[in-house]
């Protein structure tokens, strides 16, 4: 009970004060996660050489059918070019394991999207009671005109999050133990500051947490 109360307090703090320092700010889609033109190689090169390139990444632009814009359903979207960060490739080059991870991601995009979508719904469903309790308490304290179920909808038919969760970033992590994990960052309308971070390995979801969970682990000193 105490743990749940702490979660509610944290949720209220995030919900009403914002938390810009806790997670990267969301863009409107994966294609807008970077402030450059994905069709312009010179513009990409300028970003890669800039101080915004925290992970010394190379950008690979690939057409994707599922991992852009909104979370969506099991139906493919029209293909769209997406910029994927290959971490540390700016200094070390793209490792064969990273290239393989990217190739496998593209080849099995539909199946991976289904696994990611399922994980997002599970993650949300588990947190829903605390989210709902926090939002009800917040509305009682601070007021507001929006219906709570419009912001934090209960899951009834498994389509409620499809249009309120958005992909913002995909990263191929540095190689660890011969494997290159993939990080996927999303944001939901109910919590645009805290976010959702998913890690994949061999096409399977290995972890889901807040947005920082999509980022590479800090290097050990």
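The values are calculated or read from the model by the stated rules, or taken from the named source; none is laboratory data. This one's a predicted model, so the numbers in the text were calculated from it and none came from an experiment. With ideal geometry, Cβ positions are generated from the backbone for all residues, glycine too; neighbour counts draw on all protein chains shown.
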Report yes if residue 200 is within 13 Å of the chain's Cα centre (by Cα), over 19 Å from residue 73 (Cα atoms) and modelled with pLDDT of 95 or more, otherwise no. yes
Unmet criterion (only one of (1) at pLDDT below 95; (2) over 16 Å from the mean Cα position of the chain (by Cα); (3) not in a loop (DSSP other than H, G, I, E, B)) for residue 36: (3)
Being free of Cβ contacts under 8 Å to residues at least 24 places away in the same chain and out of contact with any strand residue (DSSP E or B) (no Cβ under 9 Å at 6 or more places or on another chain) narrows it down to one of 157, 191, 207, so name that one. 157
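Name the residues in segment 187-221 that are in a strand (DSSP E or B) and over 23 Å from residue 153 (Cβ atoms), would you? Can you show your working first?
Going through segment 187-221, the residues in a strand (DSSP E or B) turn out to be 187-188, 191-201, 204-209.
Hits for segment 187-221 are 199, 200, 201, 204, 206, 207.
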Within segment 172-188, the count of residues that are without any contact (Cβ under 8 Å) to a residue 12 or more places away in the chain and surrounded by 15 or more Cβ atoms within 10 Å (Cβ to Cβ) comes to 0
How do the helices (runs of 4 or more DSSP H) wholly within segment 93-186 filter down when requiring 2 or more residues that are in contact with a helix residue (DSSP H, G or I) (Cβ under 6 Å, 6 or more places away or on another chain): which remain? 109-142
Residue under question is residue 217, and the condition is that it be under 21 Å from the mean Cα position of the chain (by Cα) and under 28 Å from residue 81 (Cα atoms); does it hold? yes
